[in-house]
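S.K.: Submitted below is the structure of interest, expressed as structure tokens.
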Amino acid sequence: MASEAIDAAAAGTWTLGDMKVNRVGFGAMRLPQRGPAFAAEAVPGDRDQAIAVLRRAVELGVNHIDTASFYFSSLRSANELINTALSPYPEDLVIATKVGPGRDASGEWRPAATPAQLRGQVEENLRQLGRDRLDLVNLRLSGPDPITEHIGALAELRDAGLIRHLGVSNARPEHLAQAQAIAPVVCVQNSYGLGHRPQQDQVLHACGEQGVAYVPFFSIAGAGREDGPRGTEHDEILAIATAHRAGPAQVRLAFALHRGPHVLVIPGTGDLDHLADNVAAATLRLTPDDLARLDAIHQGPQ
């Protein structure tokens, strides 16, 4: 693995509606700050380094970037960084964003947007990214409530030409069904990874059966979420990483990619070396024995 060229395309591609993307993408959540995202004490990240990371990601074949207007620190906005680094945008670049949650200027979370407020959030993303239409908008959910009205509002914005495709994030199986009854959904973006929320396997497989992309976030961090990986790494993961001359984060990303051809990973980082390591996971081919050992970890004690 170590001798192979780093290319996000090495893991194959998937088509989101009519947009073909490489299965290894990039998540922009960590770009605006150093340390945990959304923390009150978060220190703004280095602007030049963030721009360099974004440009290098595209050079390495990344053409699927995940962002949101609520990804910001006191001085940095992920959307503005993406606009500065990559505009004019490459023709094959797909930028996915999220609506639903919101934060005020101080960083405090606001109540989730009502259906009538979603247009304002869409327009905010359009303005920050410098685009006339958003490639993909995920409705980020915060509970079990029905989403029919919210998806209906976004479907109207899609019909008006402001949005190309729709997805759902932090969704339950019933949410996918509710959304699909109103408008086509091209992806489900949920928290998932090796040993993290194995109950999500049901949703992952359902997406595959319907031709819907499954996009796990926190596929490296797991239960550490915005804080990043925590605790010591499992001995089996370390052993498999050593056998492939890879790192444990690469094994975790490769495990997610091996869950199905419709799985797209979006690891995020503000570090150029970590970026290269993450994209290099596209070349890691786990053996059936590797996958069996990792799945045992994933499922936990029976």
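The values are calculated or read from the model by the stated rules, or taken from the named source; none is laboratory data. Here the structure is a predicted model, which means the values were calculated and not measured. Don't worry about glycine lacking a Cβ; one is built from the backbone with ideal geometry, like all the others, and counts go over all protein chains shown.
S.K.: Being under 20 Å from Asn63 (Cβ atoms) and of a type in the set (Val, Ile, Thr) is the requirement here; does Val168 meet it?
M.R.: no
S.K.: Do you know which of the residues in the stretch 259-291 that are in a helix (DSSP H, G or I) and not hydrophobic (A, V, I, L, M, F, W, C) is farthest from Leu238 (Cα to Cα)?
M.R.: For the stretch 259-291, the residue satisfying everything is Asp273.
S.K.: Does any residue of the stretch 73-85 turn out to be at pLDDT 95 or above, in a loop (DSSP other than H, G, I, E, B) and closer than 30 Å to Thr283 by Cα?
M.R.: No, there is no match, as no residue in the stretch 73-85 is at pLDDT 95 or above, in a loop (DSSP other than H, G, I, E, B) and closer than 30 Å to Thr283 by Cα.
S.K.: Can you report the number of residues in the stretch 9-33 which are of a type outside the set (A, V, I, L, M, F, W, C) and surrounded by 16 or more Cβ atoms within 10 Å (Cβ to Cβ)?
M.R.: Residues flagged as of a type outside the set (A, V, I, L, M, F, W, C) and surrounded by 16 or more Cβ atoms within 10 Å (Cβ to Cβ) within the stretch 9-33 amount to 8.
S.K.: I've got another one for you. List the pairs whose first member sits in the stretch 180-192 and is at negative phi, whose second member is surrounded by 23 or more Cβ atoms within 10 Å (Cβ to Cβ) and among the acidic types (Asp, Glu), and whose Cβ atoms are under 8 Å apart, counting only residues at least 6 apart or on separate chains?
M.R.: Here the result reads Gln189/Asp66, each pair linking the stretch 180-192 to a residue that is surrounded by 23 or more Cβ atoms within 10 Å (Cβ to Cβ) and among the acidic types (Asp, Glu).
For (1) buried (at least 20 other Cβ atoms within 10 Å of the Cβ); (2) among the β-branched types (Val, Ile, Thr), each residue gets a yes or a no:
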site: Thr148; (1), (2): no, yes
site: Ala160; (1), (2): no, no
site: Ile163; (1), (2): yes, yes
site: Ala171; (1), (2): yes, no
site: Val186; (1), (2): yes, yes
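S.K.: Tell me whether the stretch 30-39 contains one or more residues that are out of contact with any strand residue (DSSP E or B) (no Cβ under 8 Å at 6 or more places or on another chain), at negative phi and free of Cβ contacts under 8 Å to residues at least 60 places away in the same chain.
M.R.: no
S.K.: Would you check which residues across the stretch 98-115 are touching a helix residue (DSSP H, G or I) at 6+ places or on another chain (Cβ under 7 Å) and aliphatic (A, V, I, L, M) and list them?
M.R.: Hits for the stretch 98-115 are Val99, Ala113.
S.K.: Something else now. Could you please tell me which pairs satisfy a Cβ distance under 8 Å, a separation of 6+ or placement on different chains, a first residue in the stretch 113-130 that is exposed (fewer than 15 other Cβ atoms within 10 Å of the Cβ) and in a helix (DSSP H, G or I), and a second residue that is modelled with pLDDT of 95 or more and not acidic (Asp, Glu)?
M.R.: Hits for this filter: Ala116/Ala153; Gly120/Ala113; Glu123/Leu162.
S.K.: Counting just the residues of the stretch 248-302 that are at pLDDT 95 or above, out of contact with any Leu (no Cβ under 9 Å at 6 or more places or on another chain) and polar (S, T, N, Q), which one comes out surrounded by the most Cβ atoms within 10 Å (Cβ to Cβ)?
M.R.: The qualifying residue surrounded by the most Cβ atoms within 10 Å (Cβ to Cβ) is Thr283.
S.K.: Hey, among the residues in the stretch 218-247 that are modelled with pLDDT under 95 and either in a strand (DSSP E or B) or hydrophobic (A, V, I, L, M, F, W, C) (or both), which one's surrounded by the most Cβ atoms within 10 Å (Cβ to Cβ)?
M.R.: Ile220
S.K.: Report yes if some residue within the stretch 128-142 is at pLDDT below 95 and farther than 22 Å from Asp48 by Cα; otherwise report no.
M.R.: Looking through the stretch 128-142, at least one residue is at pLDDT below 95 and farther than 22 Å from Asp48 by Cα.
S.K.: A further question follows. I'd like to check something: does the stretch 69-88 contain any residue that is closer than 14 Å to Arg131 by Cα, within 13 Å of the chain's Cα centre (by Cα) and in contact (Cβ under 8 Å) with a residue 24 or more places away in the chain?
M.R.: no
S.K.: In the stretch 30-51, is there at least one residue being within 14 Å of Leu81 (Cβ to Cβ), in a helix (DSSP H, G or I) and of a type in the set (A, V, I, L, M, F, W, C)?
M.R.: Yes, the conditions are met somewhere in the stretch 30-51.
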